[in-house]
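The values are calculated or read from the model by the stated rules, or taken from the named source; none is laboratory data. Predicted model, so just to flag it, every value in this text is computed and none were measured. Note that each Cβ is placed from the backbone with ideal geometry, even for glycine, and that neighbours are counted across all protein chains shown.
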Amino acid sequence: MPCRVRRKLLVLLVVSFAVLATAGAAYAANGGFTPETPHSPNAARTNDAYYLILGFTSFIFVLVEGLLIAFVWKYRSRGRARTVEGAQVHGHTRLELMWTAFPIVILAVIAAFVFYELPGIKSAPAASNPIHVTVEGHQFYWQFDYPNGARSFNTLHVPVGAVVDLKVISADVIHSWWVPSLGGKIQAIPGRTNHFWFQATDQGLYTGQCAELCGDFHASMKDAVQAEPQAAYQHYVSSTARATLGKSEWTGVCATCHGMKGTGGYGPDISSNAILASKTSIAQTIRNGVDTARPGVMPPVGNTWTQEQIAALAAYVKTHIYKGATTSGG
Ligand SMILES: [Cu+2]
């Protein structure tokens with residue numbers, strides 16, 4: 001086989017492998033390059049804008065890289081000495097006008113589309129009679145207050161199809177509420193109230209994550225929305241949330257640092273700590289934190305908790321976590 005033919009074959013093989021490899025990767029998963037499947041109208045509109053921009057940028061990428069490869073091939077040296085200059089091409093008025101006007105048209109189309117989508121992203125559908133929920137960011141958990149006074153932690157229960165209006169606040173530092181498939185992010189800022197809305201269009205558990213670095217355990221500050229039928233939602237807020245308040249406080253708040261059984265993790269083993277035996281001591285500890293001037297020590301996780309919440313936690317830890325104070329010397 002002549003050297004020239006062999007070289008062409010090699011190039012063809014390399015290009016084919018590159019195309020097959022990237023096509024396989026693209027088919028297997030989005031690899032984090034595209035947004036999650038939307039399950040709320042505002043998320044769907046945000047994604048529409050994303051895909052419009054992705055379409056233009058992909059087209060331009062293929063065009064520019066394709067032309068680059070074509071010109072490299074067309075004007076290759078063909079055995080010329082390195083000192084000899086290639087063909088010099090300059091001046092093409094029509095082409096120059098096209099590559100000036102075309103980007104302006106693209107930017108105008110993107111801007112028009114985004115302005116068309118914005119109202120449907122920002123505002124909930126009119127006359128939707130939303131369910132109002134207060135979302136309170138804490139180091140390092142989310143607390144949800146439902147209209148009937150029920151509370152839950154980290155997982156927000158909502159009826160599928162209902163518009164939910166979130167009043168987003170913070171009890172300590174800046175956090176950011178984010179469940180990607182139900183729309184964008186909104187910051188929880190101390191001393192300020194922000195609003196956000198979504199309408200879960202399908203049943204399911206939609207997961208997210210605090211999107212603002214808020215301290216040592218920021219990475220564990222997960223959030224989720226459980227979209228369920230109306231009857232299941234009603235049952236949850238009128239019965240389950242209250243019945244399991246102490247347990248959900250322990251698992252959603254305390255266990256993050258102290259472990260599910262209280263035997264320690266990032267925080268110390270507290271399973272035999274006498275504080276757990278006293279409601280007053282629990283209240284004092286979670287309302288004030290421990291040595292808060294020192295970074296990395298327990299923050300005042302319950303600084304906004306009600307008496308009912310503290311009583312529920314005290315009852316739960318007494319039965320399920322506290323192993324009795326360790327005795328020394330009999
Ligand atoms: Cu955070």
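Is it the case, given these coordinates, that A224 is closer than 19 Å to P147 by Cα, among the aliphatic types (A, V, I, L, M) and surrounded by fewer than 15 Cβ atoms within 10 Å (Cβ to Cβ)? So A224 does not fit the description; no.
Based on this model, can you work out whether G91 counts as assigned to a loop (DSSP other than H, G, I, E, B), at negative phi and not polar (S, T, N, Q)? Criteria not met by G91. For segment 241-263, the condition holds for at least one residue, the condition being that it is among the aromatic types (F, W, Y) and touching a helix residue (DSSP H, G or I) at 6+ places or on another chain (Cβ under 6 Å). Scoring L118 on the criteria (1) in contact with a Pro (Cβ under 8 Å, 6 or more places away or on another chain); (2) in a helix (DSSP H, G or I); (3) exposed (fewer than 15 other Cβ atoms within 10 Å of the Cβ) leaves a single failure, condition (1). Of all the residues in segment 247-262, those that are at positive phi, crowded, with 21+ Cβ neighbours inside 10 Å and free of Cβ contacts under 8 Å to residues at least 24 places away in the same chain number 0. Are any of the residues in segment 121-140 in a loop (DSSP other than H, G, I, E, B) and under 30 Å from W250 (Cβ atoms)? Yes: segment 121-140 contains one or more residues that are in a loop (DSSP other than H, G, I, E, B) and under 30 Å from W250 (Cβ atoms).
Of P268, P299, all but one fail to be in contact (Cβ under 8 Å) with a residue 60 or more places away in the chain and on the phi < 0 side of the Ramachandran plot; the exception is P299.
The residues listed here are T201, T193, T155; of these, the one that is without any contact (Cβ under 8 Å) to a residue 40 or more places away in the chain and either of a type outside the set (A, V, I, L, M) or surrounded by fewer than 21 Cβ atoms within 10 Å (Cβ to Cβ) (or both) is T193. Could you tell me whether segment 25-37 includes any residue that is out of contact with any Phe, Trp or Tyr (no Cβ under 9 Å at 6 or more places or on another chain), outside the structural domain of T201 (by TED's automatic domain parsing), at pLDDT 80 or above and aromatic (F, W, Y)? No, segment 25-37 has no match at all. Quick one: is F144 surrounded by 10 or more Cβ atoms within 10 Å (Cβ to Cβ) and part of a helix (DSSP H, G or I)? So F144 does not fit the description; no. Considered as a group, the residues in segment 271-303 that are among the hydrophobic types (A, V, I, L, M, F, W, C) and under 31 Å from the mean Cα position of the chain (by Cα) include one that is surrounded by the fewest Cβ atoms within 10 Å (Cβ to Cβ), and that residue is A293. Within segment 161-180, if we keep just the residues that are among the hydrophobic types (A, V, I, L, M, F, W, C) and farther than 21 Å from S123 by Cβ, the residue that is farthest from the ligand (Cβ to nearest atom) turns out to be A171. Only residues that are in contact with a helix residue (DSSP H, G or I) (Cβ under 6 Å, 6 or more places away or on another chain) and surrounded by fewer than 20 Cβ atoms within 10 Å (Cβ to Cβ) were counted across segment 168-183, and they come to 0. Of all residues in segment 165-179, those that are of a type outside the set (A, V, I, L, M), assigned to a loop (DSSP other than H, G, I, E, B) and either in contact with a His (Cβ under 8 Å, 6 or more places away or on another chain) or more than 17 Å from T207 (Cα to Cα) (or both) total 1.
Hey, can you tell me all the residues within segment 227-246 that are closer than 24 Å to A314 by Cα and surrounded by fewer than 18 Cβ atoms within 10 Å (Cβ to Cβ)? The answer is S238, S239, T240, R242, A243, T244.
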